[in-house]
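Let me begin by presenting the structure, written as structure tokens, before commenting on it.
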Amino acid sequence: MSLQEQIMDAMKVAMKEKNQVALQALRSVKSAILLAQTETGAKGELSEDEEIKILQKLVKQRKDSASIYTQQGREDLAAPEIAEAEVIEQFLPEQMSDEEVAAVVEEIIRKTGADSMKDMGKVMGMANKELSGRADGKTISTLVKARLS
């Protein structure tokens, strides 16, 4: 079943349960997918990688917004953002732990022979490709910087 079909099914369930937070999150996902399809001119489905990137972007936006709201003492606005992020995360592949990501980064550094910050771009490129959808780019970047510096 494609991501769009999964989103539509989840929207139906959210409507029946009258879950407005989930419904709003799912509508934003559907909208982002449709927008991406029209931008690329894709007549059919988006690739799985493109769908995952869209979902990750939406989760990141919500978490960033929630962080800003929390810093400003607006928990009433942060709570719905966090709830929406949790709804969207259900459609993402299982995220790897920091230890698992660190092991993959170590392996990539060993393969490439990277030994300084000059090699960060090469390592990040390979790491992002290998860990696509299973780890956050910020986490990968932090681990690579710590290892190469």
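Derivation of every value follows stated rules applied to the coordinates shown; laboratory data play no part. These figures come from a predicted structure and were not determined experimentally. Heads up, the Cβs are rebuilt from the backbone with ideal geometry, glycines too, and the neighbour counts pull from every protein chain shown.
What to note about this one:
- Of all residues in the range 115-127, those satisfying the criterion of being under 19 Å from the mean Cα position of the chain (by Cα) and surrounded by 14 or more Cβ atoms within 10 Å (Cβ to Cβ) are 124, 126, 127.
- Hits in the range 128-142 - residues which are touching a residue at least 40 places away in the same chain (Cβ under 8 Å) and part of a loop (DSSP other than H, G, I, E, B): 132, 133, 134, 135, 136
- Meets criteria (surrounded by 13 or more Cβ atoms within 10 Å (Cβ to Cβ) and not aliphatic (A, V, I, L, M)) for residue 130: yes
- Qualifying positions in the range 133-149 - of a type outside the set (Val, Ile, Thr) and surrounded by 12 or more Cβ atoms within 10 Å (Cβ to Cβ): 133, 134, 135, 136, 137, 141, 143, 145, 147, 148
- Filter result for residue 70 (under 18 Å from residue 2 (Cβ atoms), over 13 Å from the mean Cα position of the chain (by Cα) and polar (S, T, N, Q)): no
- The condition (being free of Cβ contacts under 8 Å to residues at least 40 places away in the same chain and over 21 Å from residue 128 (Cβ atoms)) is satisfied by just one residue among 47, 65: 65.
- Filtering the range 88-128 to residues that are small (Gly, Ala, Ser) and on the phi < 0 side of the Ramachandran plot leaves 97, 102, 103, 114, 116, 121, 125, 127.
- Cβ-Cβ contacts under 7 Å between residues 6 or more apart (or on different chains), taken from a first residue in the range 115-127 that is closer than 16 Å to residue 104 by Cβ to a second residue that is part of a loop (DSSP other than H, G, I, E, B), are listed as 122/114; 123/114.
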